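*Asks:* Structure in structure tokens, see below.
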Amino acid sequence: MENLSEKYYPGIYIHIPFCISRCSYCDFFSSTDLNSIEKYVNALIKEIELFSGTQNFTKEIDTIYLGGGTPSLLSAKQLDSILGSIHQHFNVLTNSEITLEANPGTIDLKYAQDYMNAGVNRISFGIQSFDNSELKFLNRIHTAEEAVASFNIIRSIGFDNISIDLIFGIPNQNEKIWENNLNNALLLNPEHISVYNLIYESDTKLYSDLNKNLFNIMPENLEEKLYLRTSDFFTQAGYEHYEVSNFAKPNFQARHNSKYWKHIPYYGFGPSSHSFSDGNRYRNYSNFAKYYNLIENGKLPIEEVEKLSDEEKFTEYLMLGLRSDGIDNNFIREKYNLDIEYLLNTELKYLSMYFKKDSKKIKLTPSGYFVINEIIISLIKKQT
Ligand code: SF4
């Protein structure tokens, strides 16, 4: 694996597992018991403190990402104490990217100003759709109009790095509705756009409704059409399609999320959060009681440490590289005995239409992104 960790600084992920209500498609670890937020923030600060005292870690970091859940439910004081604790135990480098996920309906002018004052310089905004019937289907807490109003508030106070999320593949979504979503997204002129395919995770309301035949899932050929249209649409509008689900204006790629795709270390705090450090993956308990209990007893709430085997490293290298800025054929040939360029000219020629090449790397085209899992399976089977 390319040793990128030496060239880049780690990032910090903070999980804020609270939401006003549950979206129908969501299986993230989160609770609607908002009265526990204060208790949780105190535990989180303790976890950061414990980590800093017991781990061999790099103090210099250059990204902080507050994700959830709904981090915009934090009060300014709570956010200040979390960021204060990070500043106390880490060296947050100048020009670090500090992102806060916000949901429309949970943010007003004062909150937005407070977040900016606390040091947040990037907002990731969960709009998901500009169609009110879709938002209702997803059980989002806001309307399209409220989302636009919240976005404008954030922009008006000076945030110049805003990302929005959209979801495609919603039942009954058609090309016209999706085109309308794309146009509305562009009207907001965000610096970054994430576009996710609706997934039917078990343990969600959506999944159980599907099993009750309450709706039909979108046919795959329509999903593909919408995905390719999205890529075309935003690329023509000046965004770079730099990762399967992500589009950015020049110089606005998500620095924190890019660490996940480039195997750069990151430290996660809060239940269900993950870390990656020294070639190991760490996963925290996804359970409040266990989390609080361990923290109270002075222990880190880690449930699992996984040392990646060579085979897993190979699969990860393929997966992470192909979903973002490509893979280096020379590196993979020497290290893993797999010559992808050769295969694409011979046995796997039928896949060659999904690839493109620049001077250094082999990358997927947007059509390739859409079938990335099938491509990876075919490549793994060829490794000797
Ligand atoms: S706001 Fe986000 S984390 Fe919360 S339930 Fe909805 S999708 Fe899940």
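*Asks:* What list of ³J(HN,Hα) couplings, whole Hz, do you get for segment 210-224 from phi and the Karplus terms 6.51, -1.76, 1.60, once you set θ to phi - 60° and write x for glycine and proline?
*Replies:* Values, residue by residue: 5, 5, 8, 6, 7, 7, 9, 6, 5, x, 4, 5, 6, 4, 5 Hz.
*Asks:* Can you put ASP328, ASP108 in order of accessible area, largest first, using a 1.4 Å probe?
*Replies:* On the way: ASP328 45, ASP108 70 Å².
Sorted descending by solvent-accessible area, the residues read ASP108, ASP328.
*Asks:* Given Cβ point charges of +1 (Lys, Arg) and -1 (Asp, Glu) and nothing else, what value in debye, to the nearest 20, does the dipole of segment 311-382 about its Cα centre take? Can you show the working numbers first?
*Replies:* Working: 12 positive and 11 negative charges, 37 e Å.
Dipole magnitude for segment 311-382 comes out near 180 debye.
*Asks:* As a test question: what accessible area, to the nearest 10 Å², does SER133 have when a 1.4 Å probe is rolled over all protein chains in place?
*Replies:* Estimated to the nearest 10 Å², SER133 gives 80 Å².
*Asks:* Okay, moving on. How much of the DSSP bridge set in the chain is antiparallel, in percent, rounded to the nearest 5? It would help to have the intermediate numbers written out before the result.
*Replies:* Working: 20 of 51 bridges.
Once the DSSP bridges in the chain are tallied, antiparallel ones form about 40 percent.
*Asks:* Which entries in the list LYS46/LYS290; LYS262/LYS307; LYS307/LYS363; LYS77/LYS205; LYS357/LYS382; LYS110/LYS259 go over 24 Å, if you measure between the two C-alpha atoms of each? Show your work: numbers first, answer last.
*Replies:* Numbers: LYS46/LYS290 14 Å; LYS262/LYS307 17 Å; LYS307/LYS363 27 Å; LYS77/LYS205 34 Å; LYS357/LYS382 20 Å; LYS110/LYS259 31 Å.
The pairs that break the limit, which is 24 Å between Cα atoms, are LYS307/LYS363; LYS77/LYS205; LYS110/LYS259.
*Asks:* Along the positive direction of the dipole of the chain (beta-carbon charges: Lys, Arg +1; Asp, Glu -1; about the Cα centre), which of ASN197, ALA118, ILE141 reaches farthest?
*Replies:* Value: ALA118.
*Asks:* First compute the accessible area of segment 311-382 with a 1.4 Å probe, then give the percent of it belonging to carbon and sulfur atoms.
*Replies:* Details: 1870 of 3820 Å².
With neighbouring chains kept in place, the figure for segment 311-382 is 49 percent.
*Asks:* Turning to a different aspect of this structure: Between GLY268 and residues 5 or more places away or on another chain, which pairs have amide H atoms under 5 Å apart, with H built 1.01 Å from N, and which residues are they?
*Replies:* Correct list: TYR13, SER275, PHE276.
*Asks:* Share of segment 99-169's accessible area from carbon and sulfur, percent, 1.4 Å?
*Replies:* Working: 1260 of 2480 Å².
Ligands and nucleic acids excluded, carbon and sulfur reach 51 percent.
*Asks:* Order ARG255, ARG155, most accessible first, counting only protein heavy atoms with a 1.4 angstrom probe. Each step should come with its number before you reach the end.
*Replies:* Numbers: ARG255 100, ARG155 65 Å².
These residues rank, largest area first, as ARG255, ARG155.
*Asks:* Another one. Helix-derived [θ] at 222 nm for the chain: sum -39500 (n - 2.57) over DSSP H runs of at least 4, divide by residue count, nearest 500? Display every interim value, and only then the final one.
*Replies:* Working: 15 runs with 160 residues, N = 384.
Helices in the chain give a 222 nm mean residue ellipticity of -12500 deg cm²/dmol.
*Asks:* Which aspartates and glutamates, if any, have their Cα less than 14 Å from the Cα of LYS299, not counting same-chain residues under 8 positions apart?
*Replies:* The reachable aspartates and glutamates, counting only those whose Cα sits under 14 Å from LYS299, are GLU47, GLU49.
*Asks:* Dipole size in debye (nearest 20) for the chain around its Cα centre, Lys and Arg Cβ +1, Asp and Glu Cβ -1? Numbers along the way, then the final one.
*Replies:* Working: 37 positive and 49 negative charges, 38 e Å.
About 180 debye.
*Asks:* Just to confirm, what accessible area per residue do you get for the chain at 1.4 Å probe, in whole Å²?
*Replies:* On the way: 17800 Å² over 384 residues.
Per residue, the chain has 46 Å² of solvent-accessible surface.
*Asks:* Something else about it: Can you send over the carbon and sulfur percentage of the accessible area for segment 188-260, probe radius 1.4 Å, protein chains only? Mind showing how you got there, number by number?
*Replies:* Numbers: 1750 of 3710 Å².
After summing per-atom areas, the C and S share lands at 47 percent.
*Asks:* With contacts defined as alpha carbon pairs under 8 Å and 6 or more residues apart, what's the relative contact order of segment 58-192 in percent?
*Replies:* 24 percent
*Asks:* Using the Cα gyration tensor of segment 184-294, with a ≥ b ≥ c the square roots of its eigenvalues, what is the shape: rounded (a/c below 1.5), prolate (a/b larger than b/c) or oblate (neither)? Spell out each step's value before the answer.
*Replies:* Values: a/c = 2.52, a/b = 1.19, b/c = 2.12.
It comes out oblate by the Cα gyration axes.
*Asks:* Let me ask another. Please label the shape of segment 254-384 as rounded, prolate or oblate, based on the square roots a ≥ b ≥ c of the eigenvalues of the alpha-carbon gyration tensor (a/c under 1.5 means rounded; beyond that, a/b larger than b/c means prolate, else oblate). Working shown, then result.
*Replies:* Numbers: a/c = 2.83, a/b = 2.48, b/c = 1.14.
Prolate, because a/c is 1.5 or more and a/b exceeds b/c.
*Asks:* Restricting to Cα atoms and excluding each atom paired with itself, what does the Kirkwood estimate give for the chain in Å? The partial results should precede the final answer.
*Replies:* On the way: mean 1/r = 0.0452 Å⁻¹.
With all distinct Cα pairs of the chain included, I get 22.1 Å.
*Asks:* Ok, one more. Got a sec to turn the phi values of segment 174-185 into Karplus ³J(HN,Hα) couplings, 6.51 cos²θ - 1.76 cosθ + 1.60 with θ = phi - 60°, whole Hz, x for Gly and Pro?
*Replies:* Using θ = phi - 60°, the values come out as 10, 4, 5, 4, 5, 4, 5, 4, 5, 4, 5, 4 Hz.
The values are calculated or read from the model by the stated rules, or taken from the named source; none is laboratory data. On a predicted model such as this, the values are computed, not experimentally measured, just so you know. Glycine gets a Cβ as well: all are built from the backbone with ideal geometry, and neighbour counts include every protein chain shown. Note: accessible area is taken over every heavy atom of the protein model, side chains too, but ligands, DNA and RNA are not part of it. Shrake-Rupley method; radii C 1.70, N 1.55, O 1.52, S 1.80 Å.
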